[in-house]
Amino acid sequence: MMHRSAGRYRSAGSRLREGRRPAFNPAPRPAPHIAWCAGLLVFLILVSGVGRAAMLETAEFVVSVSDGQGNSRSVISNVVPYLPERACFGWRIRLADRRALVRYREVLKLPQAPKFWSGENDAYSPHSFSADRTTATTEEFAAPDKEGWIASSWCIAAGDPTGPHSIDVFIDGQLAKHFDFEVKIIGEAKDK
């Protein structure tokens, strides 16, 4: 028994030279981690649709305002009131092709740098910022809800600039929607 076991580790050619035939001559196999990664990539491409163009069904820019008592109201608008800690804005996109997973990139452009950015000093943040701090780029994967919607939102904070803003949303590397909107001091906020 010991002799056979030891011979198993010699090359097939050395066994043939000794007058023995190998029991089998398996083809070289990739390392297990390479095969696993390749399998995962194929799965993501087939199941999630990454790599094919996204079919946009509809897109909305939504503004939400809280009354400070826990109640809020959301409307489709391109005007965001400058109400720090009360007003939020964002986009929703409904995809026609119902995928399990979507890769998106959001580029938010401001007219000037804010006082601070959420995630600015966080190494694990999905956001990156331009050198002049006027642009935030977010790259993430999202699982659409049952109706096919994906969404992202931001909230107004003290020190944020007013004026024209824009958001570009890219899905799987292609521009899906461009949103222009304006942050304005309006109504009661003007008087303060």
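Report the residue count in the range 137-192 for those that are open to solvent by 70 Å² or more (accessible area, probe 1.4 Å), assigned to a strand (DSSP E or B) and of a type in the set (A, V, I, L, M).
Of the residues in the range 137-192, 1 are open to solvent by 70 Å² or more (accessible area, probe 1.4 Å), assigned to a strand (DSSP E or B) and of a type in the set (A, V, I, L, M).
Do we have any residue at all in the range 108-123 that's in contact (Cβ under 8 Å) with a residue 60 or more places away in the chain and hydrophobic (A, V, I, L, M, F, W, C)?
The first filter runs over the range 108-123 and keeps only residues in contact (Cβ under 8 Å) with a residue 60 or more places away in the chain, leaving none.
No, there is no match, as no residue in the range 108-123 is in contact (Cβ under 8 Å) with a residue 60 or more places away in the chain and hydrophobic (A, V, I, L, M, F, W, C).
For the range 120-130, which residues satisfy the criterion of being open to solvent by 50 Å² or more (accessible area, probe 1.4 Å) and in a loop (DSSP other than H, G, I, E, B)?
Glu120, Asn121, Asp122, Ala123, Tyr124, Pro126, listed by residue number.
The values are calculated or read from the model by the stated rules, or taken from the named source; none is laboratory data. Model, not experiment: these values are computed from the prediction. Note that we place each Cβ from the backbone using ideal geometry, even for glycine, and neighbour counts take in every protein chain shown. With ligands, DNA and RNA removed, areas are computed over all heavy atoms of the protein, side chains included. Shrake-Rupley method; radii C 1.70, N 1.55, O 1.52, S 1.80 Å.
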